[in-house]
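Just so you know, all these numbers are worked out from the coordinates, no wet-lab data involved. The shown structure was predicted, so the numbers you read here are calculated from the model rather than taken from an experiment. Positions of Cβ are backbone-derived with ideal geometry, glycine not excepted, and every protein chain shown enters the neighbour counts.
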Amino acid sequence: MTRRRRCPGRLNFMRRNLSSFLAQALGLLMTVTAVSAAVRSTPVPDALRPFFAPPAEFAGQFGKYASPLKFYDGRPVSSPAEWPARRAEILKYWHQQLGPWPELLAKPKLVLGEKQDRAGVTQYRVQVEIAPGVMQHAILLLPPATFTGKRPAVLVPFYVPEVSVAYAGPTPLEGTAKRMMETGNRGAGRDFALALSRRGFVTLSIGTPGDDARKPDLHGVKCQPLSFYAYISANLHTVLAQRPEVDAARIGVMGHSYGGKWSMFASCFYDKFAAAVWSDGGVVFDEARGSVNYWEPWYLGLDAAITRAPGLISPKSPRTGPYKTIIESGHDLHELHALMAPRPFLVSGGSEDFVARWVPLNHAVAVNRFLGYENRVAMTNRKDHSPTPESNEQAYQFLEHFLGPVR
């Protein structure tokens, strides 16, 4: 009988690889255990706790939405160690559909302009570099001097930055900013940046590039407008992170409606945003609702060959651009929500993001739970689209909890 010879080199190789595998598995187990313990030891405040769980009728409901915990070829994500690969797959798909970003700016320019004291909050009208060589008007607010040390910061996108700060002069307003302030938006609870700065946050407010939300200036960038807004936000995150008074690890983003869509794409596509609030922008595609209009060319429906008439999808005004491909391929925005994990986000829901939106949000809850995290997905609900003092207070407390402490 011939005995099989052992190969010492091969045995050593196998032992090294087995040892490496066991070490990685043990490390992963310890990480997940530590994460779970950390979550249990730092519960959310009592005032916020009810918003991290759906009503009983929506608990555990996942609807028509494909699970983010399966690769596109149908394979399940077998362990938390596989999640980065699945996350990269989701991000790759959406960037392929929406168009590539230019290279991110390493040191985007910030030029301080007119300074104003807003009852202790310092307001600067500024010019910021949003893309290579492209400067845009924005408003920077610094909290009162009573707040000390490195502070958290929030990017606040909307049609114009003046609404987000309840602009009070002295420079006269023109164009969209003038119209919006004159029609009551100043007092409609959209002044997130001013409210947050009064609570100790540094804020940077930005508006549509080109000042026309229906015809945004993409400055030659070859991607869909909402993706370009996310790219701008990534550069503005860097602007805030490089401010001496800002803690770079505690930067969030918050927006309403148009700004809610913008905030969602910004925080999902750029993982350095530590937390986010999306106010009633529409968290999934819904062609029955005219305000959840991702199909429009100023969001995801930009098409060089076809210009559709604005409004609901119809035979005379069909789907166009990447939106058409994405929705007809069975994809939806819940895939982007999964990119947030384990970073926390709050949906400040109104008429468009009603309580049944918990069905798609449950997928983000499931991803976080799979990774060992709880209390990372929240939703508040109000009847109407406009923010209310109550919904804003809930959002501010959410950001204080996850981006705090503010001293």
What nm distance separates the two modelled labels at Glu182 and Lys92, each placed 7 Å from Cα along Cα→Cβ? 5.2 nm
GluC sites (Glu not before Pro), restricted to region 70-167: which are DSSP loop and have at most 10 other Cβ atoms within 10 Å? Glu103
According to a simple spin-label model (label point 7 Å from Cα along Cα-to-Cβ), what is the distance in nm between Ile306 and Leu173? 3.7 nm
Would you mind calculating the relative contact order of the chain from Cα pairs under 8 angstrom and at least 6 residues apart, reporting the percent as a whole number? 18 percent
Would you mind ranking Asp117, Asp332 so that the residue whose beta carbon has the fewest other beta carbons within 10 Å leads the list? Asp117, Asp332
Name the residue, out of Leu240, Leu218, Leu226, whose mean-square fluctuation peaks in a Gaussian network model built on the chain with Cα pairs under 10 Å. Leu218
Where the Cα atoms of the chain are projected onto their three principal axes, how long is each span, largest first, in whole Å? 98, 58, 48
Quick check: pseudo-label points 7 Å beyond the Cα along Cα→Cβ at Ser79 and Lys222, how many nm apart are they? 4.1 nm
Helix 258-269 versus the longest principal axis of the chain: what is the Cα-based angle in degrees, 0 to 90, to the nearest 10? 30 degrees
Using a Gaussian network model on the chain with a 10 Å cutoff between Cα atoms, which of Arg75, Arg49, Arg243 fluctuates the most? Arg75
Straight distance only, please: which lysines reach the Cα of Lys316 with their own Cα at less than 21 Å, same-chain residues fewer than 8 apart left out? Lys324
